[in-house]
1. Which of the following residues is closer than 27 Å to P50 by Cβ and among the basic types (K, R): R174, R106, R178, R145?
2. Report, ordered by the first and then the second residue, all pairs with beta carbons closer than 7 Å, sequence separation of six or more or different chains, a first member in segment 78-98 that is closer than 19 Å to P50 by Cβ, and a second member that is surrounded by fewer than 21 Cβ atoms within 10 Å (Cβ to Cβ) and of a type in the set (F, W, Y).
3. Is it the case, given these coordinates, that P143 is surrounded by 11 or more Cβ atoms within 10 Å (Cβ to Cβ), more than 17 Å from V123 (Cβ to Cβ), in contact with a helix residue (DSSP H, G or I) (Cβ under 9 Å, 6 or more places away or on another chain) and in contact (Cβ under 8 Å) with a residue 40 or more places away in the chain?
4. Which of the residues belonging to segment 86-120 are farther than 12 Å from A74 by Cα, of a type outside the set (D, E, K, R) and assigned to a strand (DSSP E or B)?
5. Hey, does segment 129-140 have a residue that's crowded, with 17+ Cβ neighbours inside 10 Å, touching a residue at least 24 places away in the same chain (Cβ under 8 Å) and touching a Lys or Arg at 6+ places or on another chain (Cβ under 7 Å)?
6. Looking at R107, R158, R115 in this structure, which one is under 18 Å from the mean Cα position of the chain (by Cα), among the charged types (D, E, K, R) and within 14 Å of W64 (Cα to Cα)?
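What follows draws every value from the coordinates through simple rules; no lab data is involved. These numbers were taken from a predicted model, which means no experiment stands behind them. As a convention, Cβ positions derive from the backbone with ideal geometry for all residues, glycine included, and neighbour counts pool all protein chains shown.
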Amino acid sequence: MQRHTIIRAAAAALAVLTLSACAGGNYRPVADTPVRIGPAYTIRGATYVPAAAPAYDALGYASWYGSESGNRTANGEKFRPGWITAAHTTLPLPTYVEVTALDSGRRIIVRVNDRGPFARGRVIDLSRGAAEQLGMKAQGHAPVRVRRVEPSEKDRARLRKGKPAASLAPIPERELLRLRAQLAAGGR
């Protein structure tokens with residue numbers, strides 16, 4: 001009788017593990033550790049060299065993506081289009097960045113957990129959720145400033161759960177004009 005109970009318990013445990021593997025896939029849990037930098041890689045003839053970049057601050061264009069729902073991100077997590085995430089070619093995974101829309105001055109904090117974009121002139125690919133929060137989803141792409149930041153643990157926890165970080169005030173008009181002129185001049 002006892003052996004029968006052990007076999008049934010083992011069979012039940014195996015069934016639960018099998019079903020959880022089917023339902024959740026083989027994805028890495030959403031976590032901030034370990035941070036992955038990774039080796040250099042080449043896409044369409046361009047070589048990208050991931051590196052720690054504590055002072056990262058770049059101007060360029062953002063695009064967004066969302067049809068890859070359920071795919072694995074570059075750091076092994078499940079891609080969820082409605083979450084506030086992004087793809088970057090070289091920043092460590094994960095990294096947190098502040099993205100500012102240069103057309104409106106609107107700013108958000110985004111968790112980078114994937115690689116991309118691989119289109120010329122694009123500095124970041126936002127998830128659909130991030131594009132909606134930034135107000136650029138209808139445009140498809142928009143001029144942006146991307147700066148690496150160290151958000152509070154509360155904001156990190158919210159982003160790891162797919163929720164937006166605390167709202168940020170738009171940048172002042174004077175700063176916005178300076179950044180637009182710098183982008184137009186081709187500066188970083």
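1. Details: R174 fails: closer than 27 Å to P50 by Cβ; R106 fails: closer than 27 Å to P50 by Cβ; R178 fails: closer than 27 Å to P50 by Cβ.
Going through R174, R106, R178, R145 in turn, just one is closer than 27 Å to P50 by Cβ and among the basic types (K, R): R145.
2. From segment 78-98, the pairs are T89/Y48; T90/Y48; L91/Y56.
3. Working: surrounded by 11 or more Cβ atoms within 10 Å (Cβ to Cβ): yes; more than 17 Å from V123 (Cβ to Cβ): no; in contact with a helix residue (DSSP H, G or I) (Cβ under 9 Å, 6 or more places away or on another chain): yes; in contact (Cβ under 8 Å) with a residue 40 or more places away in the chain: yes.
Spelling it out, it is not the case that P143 is surrounded by 11 or more Cβ atoms within 10 Å (Cβ to Cβ), more than 17 Å from V123 (Cβ to Cβ), in contact with a helix residue (DSSP H, G or I) (Cβ under 9 Å, 6 or more places away or on another chain) and in contact (Cβ under 8 Å) with a residue 40 or more places away in the chain.
4. Across segment 86-120, the qualifying residues are T95, Y96, V97, V99, T100, A101, I108, I109, V110.
5. Taking every residue of segment 129-140 in turn, at least one turns out to be crowded, with 17+ Cβ neighbours inside 10 Å, touching a residue at least 24 places away in the same chain (Cβ under 8 Å) and touching a Lys or Arg at 6+ places or on another chain (Cβ under 7 Å).
6. Details: R107 fails: within 14 Å of W64 (Cα to Cα); R158 fails: within 14 Å of W64 (Cα to Cα).
Sole residue among the options that is under 18 Å from the mean Cα position of the chain (by Cα), among the charged types (D, E, K, R) and within 14 Å of W64 (Cα to Cα): R115.
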